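Read-outs throughout are calculated quantities, based only on the coordinates presented, and are distinct from any laboratory measurement. The model shown is predicted, which means the values in this text are computed figures rather than measured ones. Counting neighbours? That spans all protein chains shown, and the Cβs are built from the backbone with ideal geometry, glycine included.
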Ligand code: F42
């Protein structure tokens, strides 16, 4: 079993610990906003270590939309590169856990549809896109059949 390396950002690592440690009943929202969060578990493409990333919960039916916004910073988050290298993820949504495949959706009408769902679920994504020159990556995670 590869080693789990927590995020170096303390509030992010703390959220993962609370969320997973409680079996998905505590730490399940973004701070005190009441907006739901999921935990994405995947492998680091350089280290092979287990990485855990909280993201906003955005759904499209049974699928999950993952937005690599990083608050509109200039560079993609590192988890973006991990998912491009190995798309197998585990998604924890409160008490439910799914094995999924996360695929980046290229710029297209489908990406626009998914992006609109994301902004409806979490309006700050709109401001993050305005803050950065990169087109914020959108992944769609679907169940492994
Ligand atoms: N971030 C988002 O981008 N979108 C969201 O919707 C979002 C919501 C959210 C909700 C709650 C919360 O607590 C955090 C939230 N975040 C959201 C922040 C998110 O959880 C991540 O912290 C953020 O996106 C930054 O991701 P990152 O992968 O760049 O994290 C860095 C700080 C990090 O953890 N780095 C580690 C490190 O040790 O430096 C891991 C690095 C890593 O993955 N290494 C790879 C490896 O092989 O192990 C190699 C990667 C490479 O290419 O070098």
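At full extension, residue 107 and residue 32 could sit 23.7 nm farther apart than now, given 0.36 nm per residue minus the alpha carbon distance.
Per the Debye calculation on the range 25-145 with a single equal scatterer at every Cα and no solvent contribution, log₁₀ I(q)/I(0) for q = 0.13, 0.17 Å⁻¹ amounts to -0.48, -0.85.
Go through 70-78, 118-126 and give me the packing order, highest mean Cβ count within 10 Å leading. Before the final figure, lay out each step's value.
Values: 70-78: 13.8, 118-126: 16.3.
Put in order of decreasing packing, that is 118-126, 70-78.
Cβ neighbours within 10 Å, averaged per peptide: list 104-113, 128-137 in order, most packed at the top. If you can, show how the numbers build up before the last one.
On the way: 104-113: 12.3, 128-137: 14.1.
Peptide ranking by packing, descending: 128-137, 104-113.
Distance from the C-alpha centroid of the range 51-79 to that of the range 19-36: 16 Å, rounded to the whole angstrom.
For the chain, calculate the relative contact order in percent as a whole number, restricting contacts to Cα pairs under 8 Å that are 6 or more residues apart.
Working: 253 pairs, mean separation 36.2, N = 145.
RCO, the chain: 25 percent.
Among DSSP beta bridges whose residues both lie in the chain, state the antiparallel percentage, nearest 5.
The answer is about 95 percent antiparallel.
The listed peptides 24-35, 90-101, ordered by packing as a protection proxy, come out as 90-101, 24-35 (highest mean of other Cβ atoms within 10 Å first).
Divide, for the range 1-64, the radius of gyration over alpha carbons by 2.2 N^0.38 Å, where N is the residue count.
Relative to the rule-of-thumb radius for its length, the range 1-64 sits at 1.16.
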